[in-house]
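Written below as structure tokens is the structure these notes are about.
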Amino acid sequence: MRKVFPCAALALLAGCSVVPPAAWTFDPARPAPKAALPVQELAVLTDRVAQLQLERNGIRTRIAGESNVWERQRLYAQLHSVGMELSPLERRLAGVAAGR
């Protein structure tokens, strides 16, 4: 019986530690404002995302046709760098699109 109370307290504290701080102050009557961008910035962001997607698709096509392993590794490095630049832009664009 002595072990039950400390284990229950530990489980309660562990459960509370995974709740994000914003969840403690969330008020459904006042939702967070949605992200919005001016039309010009949105157009620039959309163009950059489209350009990076085309570049990513081109690299994937070159990888598929490459027979040299070392050249494919170099292309995979390029693909990774494009993806690292593209991912945050896609997330931002998705957040703006969800806000409209």
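Only the coordinates and a few stated rules stand behind these numbers; no lab work does. In this text the structure is predicted, and so the values were computed from the model without any measurement. A quick note on method: Cβ atoms are made from the backbone with ideal geometry, for glycine too, and the neighbour counts reach across all protein chains shown.
Computed extension length for ASP47-HIS80: 9.9 nm, one decimal, from 0.36 nm per residue of separation with the Cα-Cα distance subtracted.
Projecting the Cα positions of THR25, VAL39, GLN78 onto the charge dipole of the chain (unit charges on Cβ atoms of Lys, Arg, Asp and Glu, taken about the Cα centre) puts THR25 furthest along the positive direction.
If only the Cβ of Lys and Arg carry +1 and only the Cβ of Asp and Glu carry -1, the dipole of the chain around its Cα centre is close to 400 debye. Computed over the chain, the P(r) curve from all C-alpha pair distances, binned at 10 Å from the origin, holds 12, 23, 19, 18, 16, 10, 2 percent per bin. Helical content of the chain, expressed as a calculated mean residue ellipticity at 222 nm, amounts to -26000 deg cm²/dmol (DSSP H runs of 4 or more residues, -39,500 (n - 2.57) each, divided by residue number, nearest 500). Loop-located trypsin sites (Lys or Arg not before Pro) across the range 17-62 with a Cβ neighbour count of 12 or fewer within 10 Å are LYS34, with loop assigned by DSSP. Please compute the net charge surrounding SER81, taking Lys and Arg as +1 and Asp and Glu as -1 over other residues with Cβ under 13 Å from its Cβ. Local net charge: 0. Under the convention that each Lys and Arg Cβ holds +1 and each Asp and Glu Cβ holds -1, the size of the dipole of the range 51-100 around its Cα centre is about 160 debye.
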